[in-house]
Ligand SMILES: Cc1cc2nc3c(=O)[nH]c(=O)nc-3n(C[C@H](O)[C@H](O)[C@H](O)COP(=O)(O)OP(=O)(O)OC[C@H]3O[C@@H](n4cnc5c(N)ncnc54)[C@H](O)[C@@H]3O)c2cc1C
């Protein structure tokens, strides 16, 4: 893979995607009272309601509960949900990456067990990759799995695990102890497990974010037993599996719409006859949004054709998060105010939240520097 292959001719959405857009808008109106500032709210009832509509795992094979709908339809669904600030957290990770990784690497039994529950909005997964000193460099993981009778014994810890305290399962990334793997090979012995969070020896402790909220966690694993049938894929193949999981994570169209509500509020505040400087600043943000959307739709087109747009996804994530970090900066310049989290006025609390949220955007899912390294490698520059 070399040059990014974005197509800038407008992507024609198929008629069924347009029908779906109208259905999703109606659904969102019905659930208006649950909409918030961004997708990060966690609401199992909302996920179940989406499950009933067939909107989780909607591109998956029917035999595992999916609808076999197109990547374009999924794109439209997610776009509408994000723009509305729908509470997607209870199923978002399962839908975006855990389910697809199980479909790609899982056993028949695992696909039958996990996928229909995910599709119904009944199963929340978290991502057990990062550790202290092993975030960007996940291959430096120190969590170890030892083969024992009937399964594996796992010891170690994970950090920054979003929603671990509310999740049913984690896809846990470890390295094998023993097994004859070459210790000098950084990826040798890497293995993934489907870890049930209620397993004895799993201790989840909160880590508060900048907003003082409990979103992510530290997980301590002490002699945790995982049975053989919850090994995901092949022992020792964890590195390939993890990179495929990250590709699912980065190709989602959610990297530039998280602060859409803030943008909408800014347009509302500017009113119908903004001054020249305000119109120019908002016009710039909106035209950037249009470009990012067109790039993201182009990625949906590539996914639809069965391609793996890893480089293109890294480009959109890097540009998209920079764009989102610009939104509160522009807001502060155009409509200065004293940010206040608990303010009654929507704009004042939004600007506080978006400013406090901004740093995380270019860290989660791969930092800016790491993404640029990936892009450079894809372009043959390193
Ligand atoms: C909101 C949020 C949610 C998260 N959720 C999860 C989750 O659910 N599960 C999970 O496993 N992880 C999660 N993470 C963790 C996230 O993936 C890591 O924080 C991220 O990968 C960075 O790792 P680190 O914190 O160890 O920083 P480091 O890797 O120590 O990086 C520190 C700085 O050094 C730079 N750097 C590192 N290596 C290089 C290099 N080779 N070249 C150039 N620069 C480099 C980085 O870009 C960064 O600026 C989450 C993070 C956030 C912010």
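Do we find that residue 285 is within 16 Å of the ligand (Cβ to nearest atom), assigned by TED's automatic domain parsing to the domain that holds residue 323 and in contact (Cβ under 8 Å) with a residue 24 or more places away in the chain in this structure? So residue 285 fails the test. Looking at region 131-169, which of its residues are in contact with a helix residue (DSSP H, G or I) (Cβ under 7 Å, 6 or more places away or on another chain), near the ligand (Cβ under 10 Å from one of its atoms) and touching a residue at least 12 places away in the same chain (Cβ under 8 Å)? Of everything in region 131-169, those that are in contact with a helix residue (DSSP H, G or I) (Cβ under 7 Å, 6 or more places away or on another chain), near the ligand (Cβ under 10 Å from one of its atoms) and touching a residue at least 12 places away in the same chain (Cβ under 8 Å) turn out to be 136, 138, 163.
Results for (1) modelled with pLDDT of 95 or more; (2) buried (at least 18 other Cβ atoms within 10 Å of the Cβ); (3) in contact with a strand residue (DSSP E or B) (Cβ under 8 Å, 6 or more places away or on another chain); (4) under 26 Å from residue 375 (Cβ atoms), shown as yes or no for each residue.
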{"position": "7", "(1), (2), (3), (4)": "no, no, no, yes"}
{"position": "54", "(1), (2), (3), (4)": "yes, no, no, no"}
{"position": "57", "(1), (2), (3), (4)": "yes, yes, no, no"}
{"position": "72", "(1), (2), (3), (4)": "no, yes, no, yes"}
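The number of residues in region 159-180 that are assigned to a loop (DSSP other than H, G, I, E, B) and in contact with a strand residue (DSSP E or B) (Cβ under 8 Å, 6 or more places away or on another chain) comes to 8. Among the residues making up region 316-352, a single one is crowded, with 19+ Cβ neighbours inside 10 Å and out of contact with any helix residue (DSSP H, G or I) (no Cβ under 6 Å at 6 or more places or on another chain): 352. Go through the residues of region 81-95 one by one and say whether even a single one is in the same structural domain as residue 48 (by TED's automatic domain parsing), more than 16 Å from the ligand (Cβ to nearest atom), without any contact (Cβ under 8 Å) to a residue 12 or more places away in the chain and in a helix (DSSP H, G or I). No. Scanning region 215-253 for residues being within 12 Å of the ligand (Cβ to nearest atom) and part of a strand (DSSP E or B) gives a total of 5.
The values are calculated or read from the model by the stated rules, or taken from the named source; none is laboratory data. All values derive from a computational prediction rather than experimental measurement. Because the Cβ atoms are built from the backbone with ideal geometry, glycine has one as well, and the counts that use them run over all protein chains shown.
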